[in-house]
Every structure is written in structure tokens, then in C-alpha cells.
1. Based on the Cβ-Cβ distance from residue 98 to residue 247, what FRET efficiency comes out when R0 is 51 Å, to the nearest 0.05?
2. Nothing charged except the Cβ atoms of Lys and Arg (+1) and of Asp and Glu (-1): what's the magnitude of the dipole of the chain about its Cα centre? Round to the nearest 20 debye.
3. How much solvent-accessible surface does residue 78 expose, in Å² to the nearest 10, with a 1.4 Å probe and all protein chains in place?
4. Counting pairs of alpha carbon atoms under 8 Å apart in space and at least six apart in sequence, what relative contact order in percent does segment 46-101 give?
5. Going from most exposed to least, what order do 176, 152 have by accessible area with a 1.4 Å probe?
6. On the full set of protein chains, 1.4 Å probe, figure out the accessible area of residue 205 and give it in Å² to the nearest 10.
7. Determine, from the Cβ-Cβ distance of residue 230 and residue 36 and an R0 of 30 Å, the FRET efficiency 1/(1 + (r/R0)^6), rounded to the nearest 0.05.
8. Could you give the length gained on full extension between residue 3 and residue 170, defined as 0.36 nm per residue of separation minus the Cα-Cα distance, in nm?
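The values are calculated or read from the model by the stated rules, or taken from the named source; none is laboratory data. The shown structure was predicted, so the numbers you read here are calculated from the model rather than taken from an experiment. For neighbour counting, all protein chains shown are included, and Cβ atoms are generated from backbone atoms with ideal geometry for every residue, glycine included. Surface accessibility is based on the protein's heavy atoms, side chains included, excluding ligands, DNA and RNA. Shrake-Rupley method; radii C 1.70, N 1.55, O 1.52, S 1.80 Å.
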Amino acid sequence: MNRRTVLVTGSAGTMGRQVVEALLEAGHHVRGIDLRPTPGLENAFVGNLQDSQTFGAAMEGVEVVVHLAATPDEADFLSELLPNNIVGVYHVFDQARRQKVQRLIFASSTQVVWGLLEEGTRLPVRVDDPYAPRTHYAAAKIFAEAMGQLYSSRYGLQVVAVRPGWMPRNPEHAASGIRHPIVRDLYLSPRDAGRFFRLAVEAEELPPYCVLYAASITRRTLIDLEPAERLIGYRPKDRYPEGIPFSVPEAPPDAV
């Protein structure tokens, strides 16, 4: 395997820690950047993506960037989504261009097609189905995907837009998710998330720009995982609630 130098943004977050662990176990040279220290990662920067000096130093000599840093759900647009999920995305893509990064893998969201999931008339939702956002958060993720297309076609940056499923961040987040008739069937276990992003880092042959869904094994197939298996060899191993590092309540009858 070709070991790569990888920068993970949001490396101290729920998904970031899983990705860092999976990459380290595979022997890659991993750096992180987050607003707080990253547990278990020696080569980690503490800073903001808009701090060009710190972020530039973190990205120096990096081959692959895994961009996970973001406000993780719907929030006030001007005070949170704009600086974190719009301006932050710009800095990640532009620093990657300046530093001549080979591949940028970033977390989009299944929320960009939430309207299609709610309708349930064209399942599984495929990567080339039209956008159907229902929140400002989802609209910001569509912006990120458009930036990926722009930087791929104009600057030659290889970009992978990952639309991950639902990963519970804490017991309260888990409890709210399992009540929803759609969310539980988008479950992505922490271990499967780590495997997915490791495979995306290691894949030898990828198109200049691609969109991939990521989820674990679920009762219903809501999103199409075939492109992920074909392009990076991803097959989920866990089922809900396997891999969740805390106890979760039983799903109510209407969510089963």
C-alpha cells in the first residue's frame, strides 16, 4: 500500500477521531487540525481554518486532505453556517490548490437530497439525482459540492464529495435520531466511517470528481452505495446500533 501524508480537518470531532484512528492503523502519516487538541494524535494543530498561517503550515507537504470540520447540522446561517461551512470551505479548497494537494475528500451530507428521501418515491436515491435541500445547512453543503466541481475542473484537484449517513454524536443525538422514520435507516457506524474514509484515501484510480454515499447496513436501502463499492471498495460491516460507543434507547414502535 502507498502510505500517504493526510491532513484531517475537524480531527477532534466524532467522525474525525474515527478517521484519524483508521488512517493511523493503516500506517498513513496523519496530521490533524481542530479548534481543540486531537486525542491520540501527536502531529495535530490547534487553530481555525481561516487562520492562513496555522492552516497553511498544517497543509504543507500534504498529499490528501480529509475535510470534516464544519457546523454539523442546521444552525443560524450568518453567525455559524456562513463562517464555518461556507468561508471555511473556501479556505480549504484554496489552500489545497495553493499547496498542490493531490486529492481532497470532504464531508457533504445526505441532507442535500432530503426532500427525495422524504418523498420515498425514487429509492434508493442515487448520486446523480437532483438536489432537494430542506435546510440552510443542506444548501451550504451543496455549495461545497459546487466548489468541488469548480476546483476539479478548473485547477485539476481530484475531489471526492462524501455524503455520510447519520452518526450519533452523543446519547441525546441518538435518542432524537431513532425517533425519525428516515434517520435510523441512514445509520453510519463510527467504525464504518473510519473504513470508508481510509478507503477513499487509499483508492488508486478515481475520476476527477465524484460523489459517494456512505452508510452502514440498514433495514431499508435509502441511498445507493454501489458507486462507493465500485470506486473505493467500500462494503459496510456494521448494523445499527453496532459501533456506537454509548448505550442508546430502544426505537419507538413507529420508527421500527
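1. Details: r = 45 Å, r/R0 = 0.89.
Computed FRET efficiency for residue 98 and residue 247: 0.65.
2. Working: 27 positive and 30 negative charges, 83 e Å.
Taking the Cα centre of the chain as origin, the dipole is about 400 debye.
3. Residue 78 exposes around 130 Å² with every protein chain in place.
4. Details: 35 pairs, mean separation 25.9, N = 56.
The normalised contact order for segment 46-101 reaches 46 percent.
5. Numbers: 176 60, 152 15 Å².
The ranking, largest first, comes out as 176, 152.
6. 150 Å²
7. On the way: r = 37 Å, r/R0 = 1.23.
Result of the calculation: an efficiency of 0.20.
8. Values: separation 167, 0.36 × 167 = 60.12 nm, distance 3.24 nm.
Gain in length upon complete extension: 56.9 nm.
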